[in-house]
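To start, the structure under review is shown below, and the notes come after it.
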Amino acid sequence: MTTHALQDAVKAVRESTPLVQCLTNTVVAEITANVLLAVGASPAMCDTPEEAGDFAAIASGVLINAGTPSSEQYDGMRAAIAGATGAGTPWVLDPVAVGALRQRTAFCLDAVTRGPAAIRGNASEIRALAGAGSGGRGVDATTDVASALDAARQLAREHDCVVAISGERDLIVSAERATWLRSGHRFMPLLIGTGCSLGAVCTAYLGAAKEAGISAHDAVLAAHAHMGAAGGVAGSLSAGPGSFHSAWIDALYALSAEDIERLVSCEEVEA
Amino acid sequence: MTTHALQDAVKAVRESTPLVQCLTNTVVAEITANVLLAVGASPAMCDTPEEAGDFAAIASGVLINAGTPSSEQYDGMRAAIAGATGAGTPWVLDPVAVGALRQRTAFCLDAVTRGPAAIRGNASEIRALAGAGSGGRGVDATTDVASALDAARQLAREHDCVVAISGERDLIVSAERATWLRSGHRFMPLLIGTGCSLGAVCTAYLGAAKEAGISAHDAVLAAHAHMGAAGGVAGSLSAGPGSFHSAWIDALYALSAEDIERLVSCEEVEA
Amino acid sequence: MTTHALQDAVKAVRESTPLVQCLTNTVVAEITANVLLAVGASPAMCDTPEEAGDFAAIASGVLINAGTPSSEQYDGMRAAIAGATGAGTPWVLDPVAVGALRQRTAFCLDAVTRGPAAIRGNASEIRALAGAGSGGRGVDATTDVASALDAARQLAREHDCVVAISGERDLIVSAERATWLRSGHRFMPLLIGTGCSLGAVCTAYLGAAKEAGISAHDAVLAAHAHMGAAGGVAGSLSAGPGSFHSAWIDALYALSAEDIERLVSCEEVEA
């Protein structure tokens, strides 16, 4: 990723205010909406079976987060995926706890075949989704990021999508490319929803990138950079995860595209 | 509205601690409850079909917020409207995204005929509810506040209620009166739930005003003044929407009735 | 409770990171998760009928909070109680508004017979659960804590569990022991979810105590001490309930076991 592409992606989101439809779990719905507003997107938590499909056709992007849906929300997710696919709207799959729990494992293994633009999860989830592991305990990562590189490459090639693995360092993988990103702060995993809202921000960046001619790989990498750079700034200002929450939202809003590029470090994986 | 009426309404809420039943979307439930506590009301998020009707008969006021309900929540809303109507409990309709999405449009067009004490929305929503527009994209206002004055007057007269239009300036409309309110801060639309919790605060103010002999128009105006005055104070203390959130809740709690009156500006519309 | 037991319990949670499954109301799900992370536990909000029973068998503890469940969530709660009981996982009942509303009263009166390790509520709720009162208006305490001592003793002996009554002072009751705890701050009841997340923290402490050989009474008392001590510290740093929220989460994270013991005062009730 060139400096140019990262900064372009940040600016594209702020200039186009992508409309991001979120079908996500109720625990993280509020922080997800606030994070989207802070990065410059417009959130809409439209997830009912009757409305989700129609909305997916007008949204800039759709997030499907499989954390603890009710049966109606599962129906809404299926409608949204169909609506997004029909309209060419990019959508992102966050396979929360896939592999560890039966119902969502079945849902995610089906969803991944329906054309997501990106998949975002921790190493356990990415491995389980590729059939290479049995999942973790809930949302915890129980394997390290590097161990999921092969699983991510397999998913990226099979489904023609970008796969992002979150951890102490993040790894963004597409069919022909893999990039390490170093950013963030140790308080981030202590605030519920930082991972889930990252899936939403990837959706916003993919929606804006499509219009701006930025690659999906660069869009997902820029989304991670924005979130992690803000985390680093906020962590240095905070006494604990409570004050971190406020400072992180402020930093997501205030950091310039140039700040974000300066605050992270990227490294391409040699093939 | 006289200075007296505004201050009386603020004091009436703090002295009577109105019990506000909220049937609202899950994204904003937490901030709505915290805002109600900060202004001096007592929140109860009771929305199931089995309990919502009984509760509406003992509540001081009921909020019906139509943002993305499940089918059970729709049933709960119908039960709560029936319970409130039967018991003479004032209730407020927030027609989130009416006009833009089919299911909630049908629900809102029916609900408005059932006797709300007030309706609160943005200009797109008020126009769509009156049959004068096709709605916006989700919760964004896509038309300016003044354009909805005629629609608001029509709704206010037809349904004998107060209609509040939120925007850069707010407009409070009843059958024989319309009042502009200038307050707030540019960070408010960047925090999810400021609009939805305004509907809840209108409900609290209507519940308290009924006991205190304050008019419904003045109650809704005072609710907007309290929220906007706190927004202005908080905005001046904040680096971004994250720190704004905390400062706004603090200001809702700390501002005196006199502070609130001093911090806003009202203007009656000549008939 | 000896100083040793309180400090041991705090350390046991931080060292073992108990996995706490929460079946709770959507209003407080986010703050509950953040509080659990701040005290050193790992939250999982797994509440669907299909997954809740399996998860309860692997969790360290299960919280059943009866605040406004959907019919699916009631089914999930029944599955989780069965799964926890079968696996020997300790579970906590928070009987929100039992006695005041029919559906949850019926649920709670049944649940209490199924072997909870602890029950946490306000005085109205504990009295209603024991058949000694008619409940309050929603989650407000309308009777004082001491008035529920006999009801708590009856429940503790009949169901072989710990009963915690929350109020200006807290009272922890088991079959042969009752302990007053003085801690907290007047801002705590102004932040939604402080009571509900206390139920979750009791669950975390019970899960960790089981492994560490600490009694259930001491575990529940230590959970209340941790929450209240952090409340006192945060209150002294805050201008209102908004800044209190952040400061409280920070203090939950930062206070040492020794700090917590120093900041609260306990008194055993003579039999």
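The values are calculated or read from the model by the stated rules, or taken from the named source; none is laboratory data. As the structure is a prediction and not an experimental result, all values here were calculated from the model. Cβ atoms come from the backbone with ideal geometry, glycine included; neighbour counts cover every protein chain shown. When the accessible area is computed, the model is the full protein with side chains, heavy atoms only, and any ligands, DNA or RNA have been set aside. Shrake-Rupley method; radii C 1.70, N 1.55, O 1.52, S 1.80 Å.
Things to note:
- Calculated label separations, residue A:256, copies of the chain, 7 Å along the beta-carbon direction, nm: 4.4, 4.4
- Partners for residue C:210 among lysines (Cα-Cα distance below 17 Å; same-chain residues under 8 apart left out): C:11
- Interface residues, region B:178-206 - accessible area loss of 30 Å² or more versus chain alone, probe 1.4 Å: B:190, B:192
- The protein assembly as shown, helix-only ellipticity at 222 nm - DSSP H runs n ≥ 4, -39,500 (n - 2.57), divided by all residues, nearest 500: -16000 deg cm²/dmol
- The simple spin-label model puts a point 7 Å past each Cα toward its Cβ; for residue A:110 and residue C:269 those points are separated by 5.3 nm.
- Per residue, in Å², the accessible surface of region C:15-105 once ligands and nucleic acids are set aside, probe 1.4 Å: 24 Å²
- Per the rotation superposing chains A and C, the chain A residue found at the smallest beta carbon distance from the axis is A:26, 3, distance in Å.
- Region A:168-210-region A:84-125 distance, computed between alpha-carbon centres (Å): 15 Å
- Accessible heavy-atom area order of C:26, B:32, highest first, probe of 1.4 Å: C:26, B:32
- The convex hull defined by the C-alpha atoms of region C:47-167 has an orientation-averaged projected area of 6.5 nm².
- Counting every C-alpha pair in region C:1-45, the share spaced more than 18 angstrom apart comes to 37%.
- Shape metrics for region B:3-264, restricted to C-alpha atoms - Rg then Dmax, Å: 16.4, 47
- A:194, B:17, ranked by accessible area, largest first (probe 1.4 Å): B:17, A:194
- Fraction of accessible area attributable to carbon and sulfur, chain B (%, probe 1.4 Å): 50 percent
- Qualifying GluC sites (Glu not before Pro) in region B:161-224, DSSP loop, other Cβ atoms within 10 Å at most 10: B:176
- Taking all protein chains as shown and a probe of 1.4 angstrom, residue A:60 keeps an accessible surface of around 40 Å².
- Sites residue A:147 and residue B:157 - FRET efficiency at Förster radius 56 Å, r taken between beta-carbons, to 0.05: 0.25
- Accessible surface area normalised per residue over region B:155-211 is 37 Å², counting heavy atoms of protein chains with a 1.4 Å rolling probe.
- For residue A:85, inter-copy label distances in nm, listed shortest first [label point 7 Å out on the Cα-Cβ vector]: 4.3, 4.3
- Accessible-area loss of 40 Å² or more (1.4 Å probe, protein heavy atoms, chain alone versus all protein chains) is found in region B:69-91 for B:72.
- In this assembly, the B-C interface accounts for approximately 2200 Å² of buried accessible surface in total, computed with a 1.4 Å probe and without ligands, DNA or RNA.
- Shielded by partner chains, region C:42-60 residues - at least 50 Å² of accessible area, 1.4 Å probe, vs chain alone: C:51
- A 1.4 Å probe, protein heavy atoms only, puts the accessible area of residue B:47 near 20 Å².
- Label spacing, shortest first and in nm, from residue B:175 to its equivalents in the remaining copies (7 angstrom along Cα→Cβ): 6.8, 6.8
- Most to least accessible of A:45, C:227 (protein chains only, probe 1.4 Å): A:45, C:227
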